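Since every read-out is calculated from the coordinates, none of them should be taken as a lab result. All of these numbers come straight from a predicted model, not from anything done at the bench. Here the Cβ is made from the backbone with ideal geometry for all residues, glycine too, and neighbour counts use every protein chain on show.
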Amino acid sequence: MTTQSEKVSAEDVRHVADLANLELTQAEEEGMIRDLNAILTHFDQLSELNVADIPPMAQVNEVLRGASGEESAAASALRPDEHLDSLPRESVMRSAPETDGAFFKVPKVLER
């Protein structure tokens, strides 16, 4: 049963653990409930802050190009994007441990 201040219940944690294929002990489940509720409480506190007069954070293009629009040292250190051809499928498939000719074959890792 969740209290007024708790937003995450044991059922929520069990549901997410099941989706992630995790087996949690009772202690781990209780810890997750406590930790997730603490995180959500912290976010509730943050949402109460008045941020109307706080300017948005810098964007990458503003960092790479200064206020004058000129390229910065950081921008000149980046290499330009360039298109490269993919590896030939035949050579990749020849080096694969197991293949059907078009795709890699891999062992099943999840059982449900």
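Around residue 17, with a cut-off of 10 angstrom between Cβ atoms, what is the net charge of the other residues, counting Lys and Arg +1 and Asp and Glu -1?
On the way: positive: 14; negative: 12, 18, 23, 28, 29.
Here the charged neighbours net out to -4.
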Report summary line: Proxy exposure order for 25, 41 (fewest C-beta within 10 Å first) is 25, 41
